[in-house]
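The values are calculated or read from the model by the stated rules, or taken from the named source; none is laboratory data. Since the model is a prediction, treat every value here as computed from it, not as a measurement. With ideal geometry, Cβ positions are generated from the backbone for all residues, glycine too; neighbour counts draw on all protein chains shown.
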Amino acid sequence: MKKYLLYTFLLFFVFLLGCEEKPSNKDILNAIKSRYSKIGKIENFRRIDDYKTKDGKYVIEYEFDLILDIDKLRKISKKKNPLETITYTTTLLLVSIQCPDILESSDTCRIRDNITFIKGKDGWVPVK
């Protein structure tokens with residue numbers, strides 16, 4: 001009888017682990033990487049704050065260090081079609097607003113931002 005009780009408890013615990021109440025750091029990092037990995041590398045990620053909104057969305061405030069990858073930037077600059085480079089250029093522009101000297105004297109920028117997620121049937125999905 002004790003075995004069944006133990007197995008039931010373990011099964012319930014595993015079920016609870018599968019029902020995430022908020023986005024994981026992995027979810028957040030995947031969303032961040034989809035945007036910033038085009039121009040650099042993400043290091044020292046830190047989740048600062050998070051909260052659930054009344055309409056069921058989840059907002060997470062975070063920060064990380066973005067280290068520009070000069071080789072990636074050179075490859076982007078060699079592209080001839082401006083439509084191919086617009087996402088890179090936009091991302092780089094947003095980074096340069098937060099860190100004005102990143103293109104001149106430093107290759108590292110401390111980014112502090114937030115991201116909003118909604119719960120989908122396959123897990124948490126970032127809202128653009």
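In table form, for the structure just shown:
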quantity	calculated
Listing of helices (runs of 4 or more DSSP H) fully contained in the range 11-128 that carry 1 or more residues being in contact with a strand residue (DSSP E or B) (Cβ under 6 Å, 6 or more places away or on another chain) and small (G, A, S)	25-36
Tabulated pairs, the range 79-94, first over 10 Å from I39 (Cβ atoms), second surrounded by 13 or more Cβ atoms within 10 Å (Cβ to Cβ) and not basic (K, R), C-beta under 7 angstrom, 6+ apart or interchain	K79/T85; T85/I76
Subset of the range 96-128 that is over 19 Å from the mean Cα position of the chain (by Cα) and of a type in the set (D, E) - its residue that is nearest to A31 (Cα to Cα)	D107
Among (1) at pLDDT 90 or above; (2) exposed (fewer than 15 other Cβ atoms within 10 Å of the Cβ); (3) farther than 21 Å from I42 by Cβ - the single one E63 does not satisfy	(3)
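Yes or no, residue by residue, for (1) in contact with a Leu (Cβ under 8 Å, 6 or more places away or on another chain); (2) surrounded by 14 or more Cβ atoms within 10 Å (Cβ to Cβ); (3) among the aromatic types (F, W, Y):
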position	(1), (2), (3)
I32	no, yes, no
S37	no, yes, no
Y58	no, yes, yes
I86	no, no, no
I97	no, no, no
S105	no, no, no
G123	no, no, no
